[in-house]
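Everything on this sheet refers to the single structure shown next.
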Amino acid sequence: MRVPTSACLVVCSLVAGVRMVSGGQYAFTLPMYVKGFWGYDRYTGASTNHEYLSYFDVDVNNMMTNANKVVEDNFLEVINASSFNQVSHDAALNNEGSKMINKMWARDVINEIHSYKMQYIHQRYRSAAQQLLKVPVGNPAYQDIGFDEPLDKMVIYYWAYQLKQAYDDLMLNASKMHTKWGAIKNSINTTMPESEPS
C-alpha cells in the first residue's frame, strides 16, 4: 500500500527557515558528525538531483549510525547497572539507585520506539531518493505517488527533516537518563559482583 505524502508538503512550507540543533548537547561521544538543519530554501541551489541528494545523504546515514550505537550502548549500560551490588549504608540512596535502574529500562523501551520510527522514515527517504533519480524503488511498500519538480525535492527535504526530528527525540531521551545515572552510580557506591568460579 502506497502512503501519499501530499499533506507533508504543507508542512515543508511551514518549516522553511528553521534550524535544528547539531547534537552537541548530547551526553555522548558520537562516532559520526551530524550538521544542523536549515529550511528548505537553503537547499535549492543544486544543479543536479545527485547534487541535491548529497546535501542530505551523509547526515542521514550518520544519524542512523549514531542512533544504532546509542541504542546499543544504552542497553549495555542498563544491563551493567542491573548487575551491580548496592552496598551503600544509606537505604535511601540504594532505593534511589533501584528506581533509577527501573527508569533506565523504561528509557530503553522508548529508545526502541524512536529507533523504529527512524527506520521507517529512513526507508521513506531512501525510496523518495530513488524516485527522484528515476531508478526502481527497492521496497515498493514505501513507494510514494509521483511528483514533478520542485515537489519531488520537497519530499526528500521533508523526510530528511522528519528523520532529524526523530533523531533528536531519541538522543534527548537517551542522554537524559544516561547523565542522571552517571551522577548517581558513584554516590550509591555500587560494585560489580564477583564472577562465579567456572
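If you go through segment 67-81 and keep only what is crowded, with 16+ Cβ neighbours inside 10 Å and either in contact with a Lys or Arg (Cβ under 6 Å, 6 or more places away or on another chain) or of a type in the set (V, I, T) (or both), you end up with V70, V71, V78.
Scanning segment 116-139 for residues that are more than 30 Å from T48 (Cβ to Cβ) and surrounded by fewer than 17 Cβ atoms within 10 Å (Cβ to Cβ) gives a single hit, Y116.
Mind listing whichever residues of segment 35-49 are not in a loop (DSSP other than H, G, I, E, B) and not basic (K, R)?
F37, Y40, D41, Y43, N49
Among the conditions (1) of a type outside the set (K, R); (2) modelled with pLDDT of 90 or more; (3) surrounded by 13 or more Cβ atoms within 10 Å (Cβ to Cβ), V109 misses just one, which is (3). When we screen M64, M104 for residues that are under 15 Å from the mean Cα position of the chain (by Cα) and either surrounded by 13 or more Cβ atoms within 10 Å (Cβ to Cβ) or at pLDDT 75 or above (or both), the only hit is M64.
Of the residues A92, A27, only one is modelled with pLDDT under 80, outside any helix (DSSP H, G or I) and over 13 Å from the mean Cα position of the chain (by Cα); which?
A27
Restricting attention to segment 157-191, and to residues there that are farther than 23 Å from V71 by Cβ and surrounded by fewer than 15 Cβ atoms within 10 Å (Cβ to Cβ), which single residue is modelled with the lowest pLDDT?
T191
Going through (1) surrounded by 14 or more Cβ atoms within 10 Å (Cβ to Cβ); (2) at pLDDT 65 or above; (3) under 30 Å from G182 (Cα atoms) one by one, G36 falls short only on (1). Can you say whether E72 is out of contact with any helix residue (DSSP H, G or I) (no Cβ under 8 Å at 6 or more places or on another chain) and at pLDDT 80 or above, as far as the supplied structure shows? Yes; evaluated as a whole, the condition is true for this residue.
The values are calculated or read from the model by the stated rules, or taken from the named source; none is laboratory data. This one's a predicted model, so the numbers in the text were calculated from it and none came from an experiment. Reconstructed Cβ throughout: ideal geometry from the backbone, glycine too, with neighbour counts over all protein chains shown.
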